[in-house]
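Colleague: Have a look at this one before I ask anything.
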Amino acid sequence: MSMTRQLEAQVVRAVVGAVRCLPDRAVEACGTAVGRCVWLVDRRHRAVALGNLRAAFPQTADAERRALARRTFEHFGRLLLSVLKFSAHGPGAMAARVDIEGAEHVRAAHALGKGVLFVTGHFGCWEIQALAHALQFPPMAVVARRLDDPVLHDWLERLRMRTGNTVIYRQGSVRRVMRALNAGRGVGVLIDQHTLGRDAVSVDFLGRPAATTTAVAALALRTGAPVVPLFALPLGRGRYKLVYEPPVPPPPDTEPDRIRALTQRCTDVLETYVRRWPDMWLWMHRRWR
């Protein structure tokens, strides 16, 4: 490892160690401050967030949209530090910090023996959900993108596998996802990123056409695996609520484009949460292009 990488690794370890020593209230306060600082200095992502909010909520006053965008940055600042804090606890302490709604949907889905496709987006506390999920239910395989920075990539991979989950990286992921489903395992997929090429279909998201991955719908229709939306909401003071929605019903055989229809149904569930808690979604991502 080069000197630069070594220094970067030491900085990451120092930040992680410092955050893990703080009480929950201090972690939330520091995370809010981090988010506010990024809001002030990151003009590019601030502009993206404001543009997305303007398109999604055209009737909302500019001042209100600006306040919402700032709260979004604050949420993600808190999320960053909260993940560090949460992952420092032992399995029992992690489990004690979460409330679960809809556990029966997970158990029923696994009982079918066809694997489970868990879908969510960059909403709420999705990384914490994955960590806590594996303490209550069979661990899942998380589909993710490799980070360009090798130090941060290795650190995030270890964090994601902390409670028994595995990671499937996108390149060549379909075969590995199929193997996981055939083994009866759960697979977690984020469905709110802009997707290119043949693997994309245009669906409506927040009133605008959005290029969305077809992988979830195609795999569900091919294997019969149920699609269970899941979301994690912060409750404050280091506690979280994990919500598992009922499985998304597949479209009927008479539907002319079943993959698009199922992708739209999954997206509709995510949109419901984004509209209810808009400050918890990643507005600074260029979702529409």
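The values are calculated or read from the model by the stated rules, or taken from the named source; none is laboratory data. Predicted model, so just to flag it, every value in this text is computed and none were measured. In this analysis, Cβ positions are derived from the backbone assuming ideal geometry, glycine residues included, and neighbour counts consider all displayed protein chains. Accessible surface is based on the protein model in full, side chains and every heavy atom, while ligands, DNA and RNA are left aside. Shrake-Rupley method; radii C 1.70, N 1.55, O 1.52, S 1.80 Å.
Colleague: Which residue fluctuates most in the GNM of the chain (Cα springs below 10 Å): 35, 236, 186?
Modeller: Taking springs between Cα atoms under 10 Å, the residue moving most is 236.
Colleague: Leaving out ligands, DNA and RNA, what percent of the accessible area of the chain is carbon and sulfur, probe 1.4 Å?
Modeller: The nonpolar share, carbon plus sulfur, comes to 55 percent.
Colleague: What does the accessible area per residue of the chain come to in Å², with a 1.4 Å probe and no ligands, DNA or RNA counted?
Modeller: Result: 49 Å² of accessible area for each residue.
Colleague: Once each part is reduced to its C-alpha centroid, what is the distance from region 64-99 to region 207-231 in angstrom?
Modeller: After rounding, the separation between the Cα centres reads 26 Å.
Colleague: Same structure, new question: How big is the accessible area of residue 40 in square angstrom, nearest 10, if you roll a 1.4 angstrom probe over the protein chains?
Modeller: Around 120 Å² of this residue is reachable by solvent.
Colleague: Further question: So what J values fall out for region 93-109 if you push phi through Karplus, 6.51 cos²θ - 1.76 cosθ + 1.60 with θ = phi - 60°, rounded to Hz, Gly and Pro as x?
Modeller: 5, 4, 4, 6, 9, 10, 9, 10, 10, x, 4, 5, 5, 5, 5, 5, 5
Colleague: Rounded to the nearest 0.05, what FRET efficiency do residue 146 and residue 21 give with R0 = 41 Å and r taken as the Cβ-Cβ distance? Could you check?
Modeller: 0.85
Colleague: Run the paramagnetic zone check for residue 194: 7 angstrom along Cα to Cβ, then residues of region 268-289 with backbone nitrogen under 19 Å.
Modeller: 281-289
Colleague: Separate question: Would you mind calculating the gained length between residue 59 and residue 288 on full extension (0.36 nm times residue separation, minus the Cα-Cα distance), in nm to one decimal?
Modeller: Contour length minus Cα-Cα distance gives 80.5 nm.
Colleague: Another question, if that's okay. Residue 223 accessible area, nearest 10 Å², 1.4 Å probe?
Modeller: Counting only protein heavy atoms, residue 223 exposes about 30 Å² to solvent.
Colleague: Taking amide hydrogens as modeled 1.01 Å from N in the peptide plane, which residues meet the under 5 Å criterion relative to residue 42, leaving out close sequence neighbours?
Modeller: none
Colleague: While we're here: Rounded if a/c is under 1.5, else prolate if a/b beats b/c, else oblate: with a ≥ b ≥ c from the C-alpha gyration tensor eigenvalues square-rooted, which is region 91-199?
Modeller: Verdict is oblate for region 91-199.
Colleague: Tabulate in residue order the Karplus-calculated ³J(HN,Hα) for region 268-285, using 6.51 cos²θ - 1.76 cosθ + 1.60 with θ = phi - 60°, rounded to whole Hz; enter x for Gly and Pro.
Modeller: 4, 5, 4, 4, 4, 6, 5, 5, 6, 10, x, 6, 9, 10, 7, 5, 7, 8
Colleague: Name the long-range amide H neighbours of residue 166: under 5 Å, sequence gap of 5 or more, or other chain; modelled H, no Pro or chain starts.
Modeller: Here 140, 141, 142 satisfy the definition.
Colleague: In the Gaussian network model of the chain, springs joining C-alpha atoms below 10 Å, which of 266, 30, 125 carries the largest mean-square fluctuation?
Modeller: Evaluated over the chain, the most mobile residue of the options is 30.
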